[in-house]
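Notes follow the structure.
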Amino acid sequence: MLHETLRFFPGGDRAVEVELGDGMDFTLNFTVHRLVAAIREAAIPAIEDIIPELASLQINYDPDRMSYEDLVREIAAIYERIGTGISGTLPSRLVTMPVSYFEAETTACIEDYRRTYPDKRTDPDLLCELNGLEDRAALARRHSATEYWVAALGFWPGLCSLLPLRPGSRITAPKYNPPRTWTPKGAVGIGGALSCIYPDRTPGGYQLIGRCPAPIYDGAQRLPAFRDSLALLRAGDRVRFRPVSAEECAWIDAEVAAGRYEHDIVEYQVFSVDRYLDWARAHGEKA
Amino acid sequence: MSTHSITVLKPGLETTVQELPGRIGYLEQGFPVSGPFDKWSFRQANLLAGNPRDAAALECQFLGPALRFECDAVVAVTGADMRPKLDGQPVPMWQSVPVAAGQVLELAAAYTGARGYIAVSGGIDTPVVLGSRAVFHMARVGGQALAKAQILPLGAQPTGPRDLLAVPEAVRPPFPTDRTWQIEALAGPNDDWLDDASVEMFFSADWSVQAKSNRTGIRLTGPEFGFAGRALSKGSDHGQDPSNIIDHGYPLGAVNLAGQTPIILVNDAPSTGGFINPFTVASAAFWKLAQAKPGDILRFRRVDREEAARLRATLETVTSAGVTVRV
């Protein structure tokens, strides 16, 4: 899925999109993060921002300090130096997120959209049909049976793109077209082969399956997990979904409202890329 | 209450504190750059107020605020013509205006343009969040839009006599009289997802600004796009619609195509997403997007990186300290 060489696409006079490959998979995304780390290490003064994404990265730069041509040459040289092999370990926090599948707020949001677009199939039913799942319980089981790799953050502060790590846990879905104008805070969605958690009430396009009562974004930094940042997750973290009942969901909502909720975050783990790939291959499917 | 402050009597429609260069370095976590939408007017306002040109100042959208000064200061109003009044008496835009403690500055609805700027001597001194005072109000980063009775702290006021300055008309941002804007834009990053005729069409059609436009995006109405092979025969990871692509970064100023609706991504726009960006507005032309009102017409003129660099140099000149004159 990796291209032979990097492909560069200028985005106006201050940005360039660097495409590494075509597809959504762990190996490609890990290669993106390796390249981003190497670019950061090179500390090129003209670079203002880097956005790592699933199969590409975007660099914002000051064109009055470095020309597009020089920047592209520099990035290509870094990529050639680091190569495309993937191995090693990296620190990776495991964040367990309680989720209430098919709960009231997401159901109301889906129905609100369907009042304008009555032909839109209800999200969980569409997902079951497209992925050969017999019912909603089977959908929830498959969705919660894997750890997810935080491949990228973007679109909104803290919004995460989650790739399932367990082979066979892939669920795919088309995105809404046109997009929704609103989505409940904490909603869990599936689009393409990705899951996401909506950090706030925002527009959106992923098919909705439930809601996490514990926030992944806290602009006021009230909860302990947000002491250092407004956003909970970082690229390279892993997320696991823990299904909870409506009662437990309501209890967590109340704990969050009271400023007492403590997130379940395991800080001491490392992620071994080689061992992960071996494990994924042993499970008989491409990672 | 701090003596160096402003009290908000009326907040206006969506008035925010903005600062340059904006929130740099946090796009990877999804925080937009924010900052003033019309950098040209913003910087000139600061120069007139005696500030560094990038200091924190106020951006007003469509309808301006009413502000009571709790200290003597110098203020400057630029950008959209919101008919500023001091204690009910009209005051000129594009020049320094001395105000005394207790006086009230009030801006009305935009007569021409869409966004007005108010700079105050000493700058606005709200807390720095993730490296900037710029407000991304939709996610409450750096604060929110101004609220009634809010108190805005100001930086230290210079002492002694001050020069009163003006920006000559020739170096102010030129607003068209026929509500038609020429916007310089570059092809890419994803122009290869459209068919050739649609690339040509983008640069020749009239595009109307929709009412649902704000600091996240300028929505356009116009003709339909046709797609190239890359958009029509692609892996399923890219999504179903021809305009879908595997999630990628969004450049500032990108013309983002969601289905058939082009949305120009501006200061508070999403950092990433799953739609193509066939064109990108030249950075020196962003200010025009800030001043285009719903119903205005945009016409895009294709430029290359060299011309975009010349436009940046011109903008740099007209926003440098040398452009002001004493009054």
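How far is helix A:68-82 tilted off the main Cα axis of chain A, in degrees rounded to 10, range 0 to 90?
80 degrees
Please turn the phi angles of the stretch B:279-296 into ³J(HN,Hα) values with the Karplus equation 6.51 cos²θ - 1.76 cosθ + 1.60 (θ = phi - 60°), one per residue in order, whole Hz, x for glycine and proline.
After applying 6.51 cos²θ - 1.76 cosθ + 1.60, I find 9, 9, 5, 4, 4, 6, 9, 4, 4, 5, 5, 5, 9, 6, 8, x, x, 5 Hz.
Longer than 25 Å from Cα to Cα, which of A:LYS120/B:LYS212; A:LYS120/B:LYS293; A:LYS185/B:LYS39; B:LYS148/B:LYS288; B:LYS10/B:LYS212; B:LYS85/B:LYS293 are they? Say none if no pair is.
Result: A:LYS120/B:LYS293; A:LYS185/B:LYS39; B:LYS148/B:LYS288 exceed 25 Å.
Determine the relative contact order of chain B: mean sequence separation of Cα pairs under 8 Å and six or more apart, normalised by residue count, in whole percent.
21 percent
For helix B:39-48, what angle does its Cα long axis make with the longest principal axis of chain B, in degrees from 0 to 90 and rounded to 10?
10 degrees
About its Cα centre, what dipole magnitude does the protein assembly as shown give when the only charges are +1 on Lys and Arg Cβ and -1 on Asp and Glu Cβ, stated in debye to the nearest 20?
1000 debye
Report P(r) for chain A: all Cα-Cα distances, bin width 10 Å, range 0 to the bin holding the largest distance, values in whole percent.
Per 10 Å bin, starting at 0, the Cα pair percentages come out as 6, 26, 32, 24, 10, 1.
Go ahead and run the numbers for FRET between B:ASP87 and B:GLN157, Cβ-Cβ distance against an R0 of 22 Å, rounding to 0.05.
My answer for the efficiency is 0.65.
Could you work out which residue, out of A:SER92, A:SER67, A:SER169, moves most in a Gaussian network model of chain A, that is, has the largest mean-square fluctuation with Cα springs under 10 Å?
A:SER67
Over the whole of B:22-35, what's the average partner chain Cβ count within 10 Å per residue? Rounded to a whole number, please.
The per-residue average across the peptide is 6.
To the nearest 10 degrees, how steep is helix B:305-318 against the longest Cα principal axis of chain B, on a 0 to 90 scale?
With rounding to tens, the tilt is 10 degrees.
Could you sort the peptides B:262-274, B:31-43 by per-residue average Cβ neighbour count (10 Å cutoff), highest mean leading?
In descending order of packing, they fall as B:31-43, B:262-274.
Please list the non-local residues whose amide H lies under 5 Å from the amide H of B:GLY123, H modeled 1.01 Å from N, same-chain partners needing a gap of 5 or more.
B:GLY155
I need the phi-derived Karplus couplings for the stretch A:224-236: 6.51 cos²θ - 1.76 cosθ + 1.60, θ = phi - 60°, integer Hz, Gly and Pro marked x.
3J(HN,Hα) across the stretch A:224-236, in whole Hz: x, 5, 10, 4, 9, 7, 7, 10, 6, 9, 10, 4, x.
Reachable lysines from B:LYS234, Cα under 19 Å, same-chain residues fewer than 8 places away excluded?
Excluding near neighbours in sequence, the set is A:LYS175.
For the stretch A:40-71 and the stretch B:34-99, compute the distance between their C-alpha centroids and round to whole Å.
Centre-to-centre (Cα) distance: 34 Å.
Taking 7 Å along the Cα-to-C-beta vector as the label spot, tell me the A:LYS120-B:ARG230 distance in nanometres, rounded to one decimal.
Modelled inter-label distance: 3.0 nm.
Most mobile of B:ALA76, B:ALA101, B:ALA134 per a Gaussian network model of chain B (Cα springs, under 10 Å)?
Greatest mean-square fluctuation among the candidates belongs to B:ALA101.
Skipping prolines and chain starts, which residues have an amide H placed within reach, meaning under 5 Å, of the one on B:GLY249, given they are 5 or more residues away or on another chain?
Close amide H contacts, sequence-distant or interchain: A:GLN58.
Hey, how many Å between the Cα centroid of the stretch B:279-299 and the Cα centroid of the stretch A:180-214?
If you average the Cα positions of each part, the centres end up 31 Å apart.
With a ≥ b ≥ c the root eigenvalues of the C-alpha gyration tensor of the protein assembly as shown, is it rounded (a/c under 1.5), prolate (a/b larger than b/c) or oblate?
Note, shape of the protein assembly as shown comes out prolate.
Here, each number is a calculation from the coordinates, and none is a lab measurement. Keep in mind that what you see is a predicted model, and the values were worked out from it rather than measured. With ideal geometry, Cβ positions are generated from the backbone for all residues, glycine too; neighbour counts draw on all protein chains shown.
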